[in-house]
Amino acid sequence: MANASAHALAITGVDHFFGQMQALAGISLAVAPGELVALLGPSGCGKTTLLQIIAGFIRPTRGEVTLGGARIDHVPANRRRIGMVFQNYALFPHLSVFENVAYGLRARRAADAVIRTKVAEMLALVKMTDLAERYPGALSGGQQQRVALARAMAIEPAVVLLDEPFSALDKNLRLDMQIEIKSLFKGAGITSIMVTHDQEEALSMADRIAVMNDGRIEQIDTPNALYDRPTSLFVNRFIGHSNFLRGTMVSADRVRLDAGVELPLSSSRRFRPDAPVIVAVRPENCALAEATQDGVPATIRVTLPLGPSEVIEAVTPSGEHLKIHRPRSPTTPVLEPGAAVCIRFADPTGVGVFSRPNATLPVTTGDIL
Ligand SMILES: Nc1ncnc2c1ncn2[C@@H]1O[C@H](COP(=O)(O)OP(=O)(O)OP(=O)(O)O)[C@@H](O)[C@H]1O
Ligand SMILES: [Mg+2]
């Protein structure tokens, strides 16, 4: 691999407008050599636009892109040393697998012998050697995906950009490809940015995740830090599952929940007394206690046994639904619907507090099963 710092990618102050519509606002992002950053966010938040700016297919309205410290904004896409796997793979249907992979090398006028060796190496890497003469129309989704990856890698890029690379694959193949790509990139020290809708994919593959919302990066952090310490309600809702409770601050570090209990908070964020807030707590951070103890009073609604664990849904007196995810064993007592319980937060430092501009309360997020 070439000098590692040549693989450092930086995006600084990028804004992008499509006509009047602002697709990106103030994007700054530095990706270290060999790092895999995932862009995660809802449809239309600007993920593909950002990748296309880095790849050189779109010129940003404002801001700069550097690779290895040198500006590449004005370098044409085919000279950027950036490989891209597009959202729909975008293989050339009239070219064989071999010629698809050779495409970037031919565009760079590589010698035939070099092309033969490099394409063979790439096809071996993605286990497609036997299908070199096939055409894309006769390949499965997973095979097309591997050809697209081989094509992106053939030019020995400093950076590989992947736009929803696994979206067409079924669950098992998806997991295989995730493992292969992660080990391939880590082994070769490739810097990469991967777009995904799938938070589990982002959590399992990325060194860091940038959560995007409406053209901005809301938070960029390691998977665990994003999960444990989301800095906004949007990120808290987007990553993992959470329960949300309405409350009003009593003092800087105490909250009165609408559910009818006052609790201390260990949030580092400060709110003025009387500020309306939302308290967010993960299902695995909720513990059940006897109804006589301190905690949020609730009534059991339903219990879902999941073998080694169980999910319990309870309702507070103020009508908020709380999910509790806890380990289960043969001796765990079964909780019947209607039982009165009280819910305590096992780790108070894992409880998030966010301002609540109006009376809205997000519903519990995510598909907990
Ligand atoms: N060529 C274009 N002309 C005008 N508007 C565009 C163009 N490309 C994208 N947009 C708009 O810019 C915004 C961001 O689009 P983008 O494709 O970057 O979103 P995305 O995050 O990749 O979404 P998805 O997850 O659905 O792929 C969207 O509102 C989209 O409609
Ligand atoms: Mg997209």
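What follows is calculated from the coordinates using simple rules that are stated; it is not laboratory data. This is a predicted model, so every value here is computed, not measured. Glycine also receives a Cβ, built like all others from the backbone with ideal geometry; neighbour counts cover every protein chain displayed.
Give the angle, between 0 and 90 degrees and rounded to the nearest 10, that separates the Cα long axis of helix 171-188 from the longest principal axis of the Cα atoms of the chain. So the helix axis and the longest Cα principal axis differ by about 60 degrees. At an R0 of 22 angstrom, the distance between the Cβ atoms of Asp294 and Val315 translates into a FRET efficiency of 0.70. Per-residue 3J(HN,Hα) values for region 229-237, derived from phi via the Karplus relation 6.51 cos²θ - 1.76 cosθ + 1.60 with θ = phi - 60°, read 9, x, 8, 9, 4, 4, 5, 4, 6 Hz in sequence order (x marks Gly and Pro).
For region 241-368, the normalised intensity computed at q = 0.10, 0.15 Å⁻¹ comes to -0.30, -0.67 (log10 of I(q)/I(0), Debye sum over alpha carbons, equal scatterers, no solvent). Length available on full extension from Ser251 to Leu95: 0.36 nm per residue minus the Cα-Cα distance, which gives 49.4 nm.
Pull up the cross-link candidates among the lysines for Lys127, meaning alpha carbon to alpha carbon under 16 Å and not fewer than 8 places away within one chain. Once the sequence-local lysines are set aside, what remains near Lys127 is Lys118, Lys182. Per-residue packing, averaged as other Cβ atoms within 10 Å, sorts the ranges 16-23, 321-328 into the order 321-328, 16-23, beginning with the highest. Taking only alpha carbon atoms, region 1-104 gives an Rg to Rh ratio of 0.99, where Rh is the Kirkwood radius.
Once you reduce region 204-246 and region 1-60 to the center of their Cα atoms, the two points are 18 Å from each other. Working note: Karplus 6.51/-1.76/1.60 with θ = phi - 60° gives region 31-46 the couplings 10, 6, x, x, 8, 10, 10, 9, 9, 10, x, x, 4, x, 7, x Hz, where Gly and Pro are set to x.
For the Cα atoms of the chain, what angle does the longest principal axis make with the long axis of helix 97-107, in degrees from 0 to 90, nearest 10? The two axes meet at around 70 degrees.
3J(HN,Hα) couplings calculated from phi for region 128-135 with the Karplus curve 6.51 cos²θ - 1.76 cosθ + 1.60 (θ = phi - 60°) are, in sequence order, 10, 3, 5, 10, 4, 8, 5, 9 Hz; Gly and Pro show x. Relative to the compact-globule estimate of 2.2 N^0.38 Å, the Cα radius of gyration of region 49-104 comes out at 1.30.
Taking the longest Cα principal axis of the chain as reference, the axis of helix 112-125 is set at about 30 degrees. Working note: Cα gyration tensor of region 154-245, eigenvalues times five, square-rooted, sorted largest first, giving semi-axes of 26, 15, 12 Å. The calculated FRET efficiency for the pair Val302 and Ala168, based on their C-beta separation and a Förster distance of 35 Å, comes to about 0.50. Across region 66-82, the residues whose backbone nitrogen lies under 15 Å from the label position 7 Å along the beta-carbon direction of Arg59 are 72-78. Using C-alpha pairs under 8 Å with a sequence gap of at least 6, the mean separation divided by the residue count of the chain gives a relative contact order of 15 percent.
The C-alpha atoms of the chain occupy a region whose extents along the principal axes are 80, 48, 36 Å, arranged from largest to smallest.
Sorting 108-118, 45-55 by their mean Cβ neighbour count within 10 Å, with the most densely packed peptide first, gives 45-55, 108-118.
Annotation: peptides 70-83, 191-204, ranked by per-residue average of other Cβ atoms within 10 Å with the highest first, follow the order 191-204, 70-83. Distance between the modelled labels on Ala77 and Asp176, one decimal in nanometres: 3.0 nm (7 Å Cα→Cβ projection).
Given their separation in residues at 0.36 nm each and the Cα-Cα distance between them, Ser355 and Arg326 gain 7.6 nm when the chain is fully extended. For Lys186, a cut-off of 16 angstrom between C-alpha atoms picks up these aspartates and glutamates, skipping any fewer than 8 places away in its own chain: Glu35, Glu156, Asp176, Asp207.
Every helix of 4 or more DSSP H residues in the chain counts as -39500 (n - 2.57), and over all residues that averages to -7000 deg cm²/dmol at 222 nm.
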